[in-house]
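Q: One structure is given below, represented as structure tokens, and several questions about it will come after.
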Amino acid sequence: MDFSMQNRCLNCYEFILPNIGWRAIFSVEKEQLICQTCEGKLERIEGEQCRICSRPFQNIDEKFRRGDLCHDCFRWEEDPEWHGYLERNYSLFLYNDFLKEIIAKFKFRGDYVLAKIFSEFLKKRLTEITPDIFVPIPLSKERLYERGFNQASAILLEAGYQPNHLLSRIHSEKQSKKSRSERIHLPQVFQFLPDIQLAGKKVVLVDDIYTTGSTLRHAAKLLKEAGAASVQSLTLAR
Amino acid sequence: MRFVIKNNVLIPGSNTDGNSLPISDIPSIPQPPQNPNFPYNNDLQLLLTGKQLLLEDIPIAFQEVQSHYENGYITYRKGIHYEGKKPVCTRCGNKDPHHFASYPCSRCGETCLYCRRCIMMGRISECTPLIGWNGPVPDTILPSKIKQWQGTLSEGQQVASDHVTTAIQQNQEHLVWAVCGAGKTEVLFAGIEAALAAKKRICIATPRTDVVLELTPRLKAAFPEIKVASLYGGSEDRHLYAPLTIATTHQLLRFYHAFDAIILDEVDAFPYTVEESLQYAAVQARKPNSAMIYLTATPNQKWQRECWTGKRAFTTIPARFHRHPLPVPKFEWCGNWQKQLQKSKLPPNVLRWITARIQSNKQALVFFPHIPLMEKALPILRQLDPTIESVHAEDPNRKEKVQQMRSKGIPLLLTTTILERGVTFPNIDVAVVGAEDAIFTESALVQIAGRAGRSKDHPDGVVTYFHYGKTEEMVKARKQIVLMNREGIKRGLLDDKK
């Protein structure tokens, strides 16, 4: 292990103090990438949550809850055009101010290496989901050039998974500048690049943030129609 | 981006072309000769003169940028270059391997190294060209009268002002060591006027946005017909070409060989002292033959030594413009105040000091070394007066609280070192609780003491350092203040007390 390279926090550059103890001496411990203060600011999604999108129920009003679904998912599932495409979404952390800052730095400033912060958490989740194919939500060609990398592919690659680029995106305005209804009533923004047999395959879509679920549902629909057995999704933030 | 060299000119190449290379891998970048018949774009000229920008910062199509390069009006430099095998960020000078990372880049199709240290100004990687101007400099038309400011300078200010003007005219370095409240800004006006009259481009750089925002209107009032660019993160003047620029030190990273004179304010302060990239930026931003004026109230030990041994040209302004001496801090031992605070108590002498201010209606600032301890002290003190407030860097209501303190809505404000400089309250006393903490350096303590006795009507103020063991820094701080007062008397810059 290269001590000079590994002992600073990827996010705040503070030195990381290693845990000295019997465990550290006798076992191969995974390398610490961020300091405990930063890790402590990441809030895991725990407790009771929506059966489809993992939205935690504890912070939301009863009236936005429909049984084991959140109001948003209920509305999606109620619509025959969208029913059943996205089987389940998993999100690792709550999209709090701290994570907002990290994702902005990662995605908009282009600090690629921050993807590593999430690798261990991603691996753990993906071993539970056991998908056959990992599909990152694509960027349009123009946006990809502008950013230099696709954030969803980066998350996968850094965690050691090979992304399958099954989708391409038609260039449009940034998602974050649109309202919910604009996002939902958008025509299909993705295209399927048919170079792989999808029939019977369990697909996981990967993206950085789950906001309205519109992006993921559009992609899920396309993949299901192309023959995927099931489509689940995994995002860093919710 | 990838490029190929054709006929000794850099041409953009595609990712699939085996002959093309990311810009940092090209051994030397050819500079085409200037074509005098080329109709260059004036907007580009204004945007790029003295700058080093990324393509993303330029709101003009790449083809046009490229044709300016091919005709000799634009320079391309490597975003990252190598010293031997070691990568160096050309913009911020970073050489520390901790601050580099790499990624599979979709622009050049390779694993591309990028600099993490200056990433807030846009990412610089091995395939990023830094774009600058190589054509004629925009002409500035001078008004008949440059300076409108009519005020008078104190004797101390006048001496400094003359030295600054000479240094700017002769492209020298000069340090102005002026006590808090000496009136540093006015000292600059004559020098700025001389620079502008000689059609020089001049910049005042300061570490903090607040100061940029405060200085801009003052300089615009002093030089009403001169265009002033006010630069900080997110400012609107980003693309403005102006003979007079006021910028945060960070913004200097976007400049290259731009200024004939740079005035660096608060050189002793964070982040300038800590972030090497800012010192590098200041050097990059000045022309090779240019003047550099340093302003500070508290030069570090090294600079002080250089001053006293004649290795650094400097001028002191040892007295405030109101001709009263600086309040000299008193030291008071207060025992283990942290332990007391854990038990929700304050040392009796600290409590006595605070109670006395509240009873006599004298506003006060009380400094604490850390936020958690300050937050512990707040409820204790609120028993004396419920309107007491505390403030720190991440406080969302920071501005409002400072404003309230100014308008006398708060009797006592607890603060971290965030208010150590830059803010002026007319009539206050100042205390430091835990002055032995490492965060209170000589310079911080001098600045803190400098908060008291600022106004002409209330030139006196009490400054007390409560400590649990006197430190070297405290002693040095007091010594510096005493020294300045003594010099003020010697040079006849202080009035005798009646």
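The values are calculated or read from the model by the stated rules, or taken from the named source; none is laboratory data. Keep in mind the model is a prediction, meaning the values are calculated, not measured. When we count neighbours, we look across all protein chains shown, and the Cβ atoms used for this are built from the backbone with ideal geometry, even at glycine.
Q: Hey, can you tell me all the residues within segment A:20-62 that are modelled with pLDDT under 85 and not in a helix (DSSP H, G or I)?
A: Answer for segment A:20-62, where residues must be modelled with pLDDT under 85 and not in a helix (DSSP H, G or I): A:20, A:21, A:27, A:28, A:29, A:30, A:31, A:32, A:58, A:59, A:60, A:61.
Q: I would also like to ask the following. Only one of (1) more than 29 Å from the chain's Cα centre (by Cα); (2) surrounded by 15 or more Cβ atoms within 10 Å (Cβ to Cβ) is not met by residue B:33, so which one is it?
A: (2)
Q: How about segment A:42-85: which of its residues are of a type outside the set (D, E, K, R) and within 14 Å of the chain's Cα centre (by Cα)?
A: Scanning segment A:42-85 gives A:45, A:53, A:54.
Q: Touching a residue at least 40 places away in the same chain (Cβ under 8 Å), within 14 Å of another protein chain (Cβ to nearest Cβ), buried (at least 23 other Cβ atoms within 10 Å of the Cβ) and among the charged types (D, E, K, R): which single residue out of B:126, B:110 fits that description?
A: After ruling out the rest, the residue left standing is B:126.
Q: Residues in segment A:73-94: is at least one within 14 Å of chain B (Cβ to nearest Cβ), modelled with pLDDT under 95 and in contact with a helix residue (DSSP H, G or I) (Cβ under 9 Å, 6 or more places away or on another chain)?
A: No.
Q: Considering only segment B:35-54, I want to know if a residue exists there that is within 14 Å of chain A (Cβ to nearest Cβ) and touching a residue at least 24 places away in the same chain (Cβ under 8 Å).
A: yes
Q: Next question, about the same structure. Can you run down the residue pairs with Cβ atoms below 6 Å, 6 or more apart or on separate chains, where the first is in segment B:388-404 and surrounded by fewer than 17 Cβ atoms within 10 Å (Cβ to Cβ) and the partner is of a type in the set (A, V, I, L, M) and not in a helix (DSSP H, G or I)?
A: If the second residue must be of a type in the set (A, V, I, L, M) and not in a helix (DSSP H, G or I), the pairs left are B:398/B:391; B:404/B:410.
Q: Of everything in segment B:382-436 that's more than 25 Å from the chain's Cα centre (by Cα) and hydroxyl-bearing (Ser, Thr, Tyr), which residue is farthest from residue B:214 (Cα to Cα)?
A: B:387
Q: Give segment B:280-311 a look and list any residue that's surrounded by fewer than 17 Cβ atoms within 10 Å (Cβ to Cβ), in a helix (DSSP H, G or I) and of a type in the set (S, T, N, Q), or say none.
A: Within segment B:280-311, just B:301 meets the criteria.
Q: Has segment B:466-475 got any residue that is buried (at least 24 other Cβ atoms within 10 Å of the Cβ), in the same structural domain as residue B:405 (by TED's automatic domain parsing) and within 22 Å of residue B:266 (Cα to Cα)?
A: no
Q: Based on what the data block shows, is residue B:136 over 18 Å from residue B:54 (Cβ atoms), facing chain A (nearest Cβ under 10 Å) and at pLDDT 90 or above?
A: Here the answer is no, as residue B:136 does not meet what is asked.
Q: If I go through segment B:114-123 residue by residue, how many of them are surrounded by fewer than 23 Cβ atoms within 10 Å (Cβ to Cβ), within 16 Å of residue B:275 (Cβ to Cβ) and facing another protein chain (nearest Cβ under 9 Å)?
A: 2
Q: Here's a check for you: in segment B:84-106, which residue that is among the charged types (D, E, K, R) and surrounded by fewer than 20 Cβ atoms within 10 Å (Cβ to Cβ) is nearest to the other protein chains (Cβ to nearest Cβ)?
A: Per the criteria, the residue is B:96.
Q: Of the residues A:142, A:101, A:146, A:120, only one is charged (D, E, K, R) and more than 13 Å from chain B (Cβ to nearest Cβ); which?
A: A:120
Q: What are the residues in segment B:327-373 that are of a type in the set (Val, Ile, Thr) and either free of Cβ contacts under 8 Å to residues at least 24 places away in the same chain or closer than 22 Å to residue B:406 by Cβ (or both), if any?
A: Residues satisfying the conditions are B:354, B:358, B:366.
Q: Residue B:196 - would you say it is out of contact with any strand residue (DSSP E or B) (no Cβ under 6 Å at 6 or more places or on another chain) and either basic (Lys, Arg) or surrounded by fewer than 18 Cβ atoms within 10 Å (Cβ to Cβ) (or both)?
A: Against the criterion (out of contact with any strand residue (DSSP E or B) (no Cβ under 6 Å at 6 or more places or on another chain) and either basic (Lys, Arg) or surrounded by fewer than 18 Cβ atoms within 10 Å (Cβ to Cβ) (or both)), residue B:196 does not qualify.
Q: While we're here: Do we have residue B:328 as modelled with pLDDT of 95 or more and either among the acidic types (Asp, Glu) or more than 30 Å from residue B:160 (Cα to Cα) (or both) here?
A: no
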